[in-house]
Amino acid sequence: MIEISEDICCSKVNIVIGKGALSKLSEIKDKNVALIHSKKINVDGIKTYLERFYDIPINDGEDSKDLSNVMLIIKELFNRGFDRGDYLVALGGGTVTDVAGFVASIYLRGINLINIPTTLLGMVDASIGGKNGVNFGDIKNVLGTFYQPSLIISDLKFLETLPADELLKGLAEVIKYGLTLDKELYDFLSLNKDKILAKDEEALEEIIYRSSLDKINVVKEDERENKGIRIVLNFGHTIGHAIEAGSEFMIAHGYAVSVGMLCEAKIAEELGYAEEGVVEDVLWLIQLYGLPYDVSQLKYDINLDKAISAIERDKKHRGNVIKMPFPTRIGSWKGVDVPLEIIKGFAFQCLRK
Ligand SMILES: NC(=O)c1ccc[n+]([C@@H]2O[C@H](COP(=O)([O-])OP(=O)(O)OC[C@H]3O[C@@H](n4cnc5c(N)ncnc54)[C@H](O)[C@@H]3O)[C@@H](O)[C@H]2O)c1
């Protein structure tokens, strides 16, 4: 079991990674605990470490990131007399931790939050960093806050049941950390594909540990995304989001980001920010894991008008530029203001079949 402990502004955040990490739950004593969990996740393991808790099962998936679920949980907490010293424990993928995190941040202006991610994406990304949110209409994450969980428990046991495609979607984000922040992670991913895809415990622990550390270190420097540092986590996401929007969100985020990373690496190289060879290194790792790197490999067509208009509406753009995180060489990056017209031009090339 590996532990990480960091101060994010005014909160201490602990992350515990490994098989058996769930035992950390036994440290909660004499408090009310509400367990918000995906209906699909078996909670028997939790009962071993928590004597009693209020069970609040919810649906998971993108549709569950809705205010109706937020209200359902708030009513339960209120009716059961939860106060600020009590605990909300979120158990599930990124959709569940996003909903529960939002509730934890607004109920009584903030109640203790523990995240127990059950997907690889949740463990390496969604459960860390304090962002939460629900969708509004068909626009993602319109309503949300920054609110840090005090504890994140990444117990590898949950990954045993995770389908291979969900593992791959999480791996796209792990690859992102390797390409922009962590050459050692890039090398580890290069050398350990078979073990990782076979869910070898030590290999998974290593990539979750390195990814968690990479993300928390970025968040520590720029919690609110206003210092130009947290944007590195968006590598592959500008084009990735255009792909998602252009396919009416039929193409999964992880696959869209995977294609987005290669396209954005090409932009970085063409504009002279990435060293020669970076594009080949990005392509090589994406291909190694069987992730898509070209739109022709995606299952759904992309409507170019919708994709380009998503870039124009990108939350990250200020005036006529978007600050893009470009890999300069493997494991290093630089934030560059790129005119919208240039990004649109490249996007057009990358997204055309
Ligand atoms: N807050 C953040 O910083 C942040 C960062 C990245 C992504 N996100 C959000 O995370 C969400 C995506 O997260 P996700 O990929 O975990 O999606 P998800 O929560 O929909 O889970 C994906 C699928 O895996 C299933 N599942 C979950 N755990 C399982 C397990 N242990 N075994 C078998 N099946 C399991 C779920 O039922 C679901 O079908 C998106 O809404 C995205 O916006 C948030």
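The values are calculated or read from the model by the stated rules, or taken from the named source; none is laboratory data. Predicted, not measured: the structure shown is a model, and the values here were computed from it. Heads up, the Cβs are rebuilt from the backbone with ideal geometry, glycines too, and the neighbour counts pull from every protein chain shown.
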* Out of all the residues in the range 263-282, is one or more within 15 Å of the ligand (Cβ to nearest atom) and either in contact with an Asp or Glu (Cβ under 7 Å, 6 or more places away or on another chain) or of a type in the set (A, V, I, L, M, F, W, C) (or both)? -> no
* To do: Go through the residues of the range 163-183 one by one and say whether even a single one is assigned to a loop (DSSP other than H, G, I, E, B), outside the structural domain of G61 (by TED's automatic domain parsing) and more than 9 Å from the ligand (Cβ to nearest atom).
  => yes
* Restricting to the range 224-257, what's the tally of residues that are touching a Phe, Trp or Tyr at 6+ places or on another chain (Cβ under 6 Å) and either crowded, with 20+ Cβ neighbours inside 10 Å or part of a helix (DSSP H, G or I) (or both)? -> 3
* Asked: When you scan the range 260-353 for helices (runs of 4 or more DSSP H) that lie fully inside it, which ones turn up with 3 or more residues that are in contact (Cβ under 8 Å) with a residue 60 or more places away in the chain and within 20 Å of the chain's Cα centre (by Cα)?
  -> 278-288
* What pairs can you find where one residue is in the range 168-195 and among the charged types (D, E, K, R), the other is more than 16 Å from the ligand (Cβ to nearest atom) and part of a helix (DSSP H, G or I), and their Cβ atoms are less than 8 Å apart, with a gap of 6+ or different chains? -> D182/R210; E184/R210; K193/L288; K195/E202; K195/A203
* Selected residue (criterion: farthest from E205 (Cα to Cα)) from residues of the range 100-121 that are free of Cβ contacts under 8 Å to residues at least 40 places away in the same chain and either within 13 Å of the ligand (Cβ to nearest atom) or part of a loop (DSSP other than H, G, I, E, B) (or both) -> G110
* Asked: Looking only at the range 79-93, which residues are more than 13 Å from D55 (Cα to Cα) and either in contact (Cβ under 8 Å) with a residue 24 or more places away in the chain or crowded, with 21+ Cβ neighbours inside 10 Å (or both)?
  -> G81, F82, D83, R84, G85, D86, G92, G93
* **the range 27-42, residues that are assigned to a loop (DSSP other than H, G, I, E, B) and either in contact with a Ser or Thr (Cβ under 9 Å, 6 or more places away or on another chain) or within 12 Å of the ligand (Cβ to nearest atom) (or both)** => K39, K40, I41, N42
* Structure fact -> Matching residues in the range 129-143 (more than 7 Å from the ligand (Cβ to nearest atom), surrounded by 19 or more Cβ atoms within 10 Å (Cβ to Cβ) and part of a loop (DSSP other than H, G, I, E, B)) number 1
* So is G260 under 19 Å from V174 (Cα atoms) and surrounded by 17 or more Cβ atoms within 10 Å (Cβ to Cβ) or not? -> yes
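Being surrounded by 22 or more Cβ atoms within 10 Å (Cβ to Cβ), under 30 Å from V279 (Cα atoms) and not polar (S, T, N, Q) narrows it down to one of A126, A104, so name that one.
Numbers: A104 fails: under 30 Å from V279 (Cα atoms).
The conditions single out A126.
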* To do: Select from the range 55-73 the residues that are surrounded by fewer than 17 Cβ atoms within 10 Å (Cβ to Cβ), closer than 14 Å to A90 by Cα and more than 13 Å from the ligand (Cβ to nearest atom) and list them in ascending order.
  => D55
* To do: Return yes or no: is V96 part of a helix (DSSP H, G or I), surrounded by 24 or more Cβ atoms within 10 Å (Cβ to Cβ) and near the ligand (Cβ under 8 Å from one of its atoms)?
  => yes
